[in-house]
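Working notes, beginning with the structure itself.
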Amino acid sequence: MQVYKAAKYIRLSYTDDKSNESNSVGNQRKLIEDFVSRHPEIELVSEKVDDGYSGVIFVEVR
C-alpha cells in the first residue's frame, strides 16, 4: 500500500480576546485526525496553523 504524507492546515481567526486558539481550531484538528485515522494510507507529518493571521504567515507544529 502506498502511503501519502500530508500536513494538517488549519485556518481560522482569533477568539475575541486574542489570547488562545479559537475553539474551532481544535474542532478542525479533531476532524482531520478522525478522517486520517480511518485512512491508513495517509500519514500526517506536520501541522500548519493560521489562527487569525494573513494566510501567508502560519505557525508550524511538528
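At-a-glance table
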read-out	value
Qualifying residue in region 7-24 (condition: surrounded by 12 or more Cβ atoms within 10 Å (Cβ to Cβ), modelled with pLDDT under 90 and basic (Lys, Arg))	yes
Whichever residue in region 39-62 is loosely packed, with under 11 Cβ neighbours inside 10 Å and among the acidic types (Asp, Glu) and, among such residues, is modelled with the lowest pLDDT	60
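The values are calculated or read from the model by the stated rules, or taken from the named source; none is laboratory data. Please read all numbers here as calculations on a predicted model, not as lab measurements. Cβ: placed from backbone, ideal geometry, glycine included. Neighbour counts: every protein chain shown.
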